[in-house]
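First the structure, in the form of structure tokens, and then the observations on it.
Readers should treat all values here as calculations from the given coordinates under stated rules, not as data from a laboratory. Keep in mind the model is a prediction, meaning the values are calculated, not measured. Here the Cβ positions follow ideal geometry from the backbone for every residue, glycine too, while neighbour counts run over all protein chains shown.
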Amino acid sequence: MVKAGQRIPRDVAQQLARLEIFPLVVGLDLRSAYEAGTVFRRETLAIDDVVVRGQIAQAGLEALALALALAYPTKETIRPLLAKAHAEALSLAVESEFPTKETVKLLLAKAQARMLALAARAPGAADEELRSQLG
């Protein structure tokens, strides 16, 4: 009538109740286990779902970090890898003063910062406009 895990429709639930078929929670109360001469007690066998889920999530994050560190391309890593490569290429272009459509604004800002630093060291060399920029 219904598959495992599906919500039971109201009319089906009413029919099952008339037939005295009620939902059950079935489980196993494991008190100990024996294997190869070793007895494992309940405390050893207990699993905390929250802890296990946390460990799985942590393992996923560490696997992603490793894949990114190795530059291993996958569906999950390709966007961050491309973003990192773009940022590194942009940084290299600015550092080597290679003008492109993307770097020209950064290069001009870098040149202006250097000019202001030099003007601050030679106070008599600055004109009115430059002195106003220096403050």
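Remarks
- Within segment 10-24, the only residue that satisfies the criterion of being β-branched (Val, Ile, Thr) and either touching a Leu at 6+ places or on another chain (Cβ under 8 Å) or assigned to a helix (DSSP H, G or I) (or both) is 12.
- Among the residues of segment 18-43, those identified as without any contact (Cβ under 8 Å) to a residue 12 or more places away in the chain and of a type in the set (Gly, Ala, Ser) are 27, 36, 37.
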